[in-house]
Amino acid sequence: MPPGLTLTSALNALAHAVEALWAPDATAASDALATEAADGILSVLPEVLADPAGLGGRERLQQSAWLAGLCLAQTRMGLHHQLAHALGGTFDLPHAELHALLLPHVLAFNLPAAPNAAARLARITGGDPVTVVGGLARSHTGPTTLRALGVPREGLRAVAGRVAAQPYPNPRTPEAEAVTRLLQDAW
C-alpha cells in the first residue's frame, strides 16, 4: 500500500483498539488485545512509513491491525466511530482518512474521563497520546481536516446534535455543544 493509505488505515485500526480500551464492556482480554494492538501500530508505523517496502515492519503492522479488529468485534464502539459514521454518511467521506483525522480530537475529548486507557496509551507512546497520534495524523499528505475533506462548517452543529441525541457508549457524555467544539477543532 502507498504510505498515505498505510498511515490512514493504520490510524483507523488504532481507533478500534483505543475505543476498546474505554468501552463499557471491556474485559481483561480485550484490554490486553487493545494494548498489544496499539503498541504494535504506534511502535512500527513510523518505521513502515520510512521504509514502505520493509516486510518486517509491515508484518507487525498487519498483525496489530488484525488484533485491533478483534477488539472491535469484542467491545462496543464509542464516540469516535459514531462521529465517523455520522460524518461519513452525511457527507460521503473517505473512511480511513476520516478516522485518522478524528482520532486525536476524540482522544483529547475522552482520555480525561478514561484514566485506565490514558495510562495504557501514555505508557505505549512514552508521553502524551494526543500529541503522538495527532502528529501522525497531521503527517498525512492528503486531507487532515474536515474542511479539507469538504465538510461544510455549517453542517457540524447538526451532526453533533444527532450524535448527542442518541450517543454510543462513551466515557464522557457527548453533549451537543462539546461535540460541536470537537468537530470545529477537527474542521
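Tabulated data
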item: Span-rule helices in the chain, defined as complete DSSP H runs reaching 30 Å or more along the axis (Cα) with Kyte mean at least 0.5; result: 28-50
item: Rounded accessible area per residue of the chain, 1.4 Å, Å²; result: 44 Å²
item: Mean Cβ neighbour count within 10 Å, used as a protection proxy, ranking 40-49, 95-104 highest first; result: 95-104, 40-49
item: Histogram of C-alpha separations across region 1-64, 5 Å bin width, %; result: 4, 21, 29, 21, 13, 8, 5, 1
item: Under 14 Å, Cβ to Cβ, from GLY150 - net charge with Lys/Arg +1 and Asp/Glu -1; result: -1
item: Cα gyration tensor category, rounded, prolate or oblate, for the chain with a/c compared to 1.5; result: oblate
item: Computed over region 15-110, Cα set: Rg, Dmax in Å; result: 13.9, 39
item: Relative intensity, log₁₀ I(q)/I(0), of region 32-71 from a Debye sum that treats every alpha carbon as a point, q = 0.19, 0.21, 0.33 Å⁻¹; result: -0.45, -0.53, -1.02
item: Accessible surface of the chain, 1.4 Å probe, proportion on carbon and sulfur as whole %; result: 55 percent
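The values are calculated or read from the model by the stated rules, or taken from the named source; none is laboratory data. Note that the structure is predicted; figures quoted are calculated from it, not measured. Methodologically, a virtual Cβ is constructed for each residue, glycine included, from the backbone with ideal geometry; neighbour enumeration extends over all protein chains shown. When the accessible area is computed, the model is the full protein with side chains, heavy atoms only, and any ligands, DNA or RNA have been set aside. Shrake-Rupley method; radii C 1.70, N 1.55, O 1.52, S 1.80 Å.
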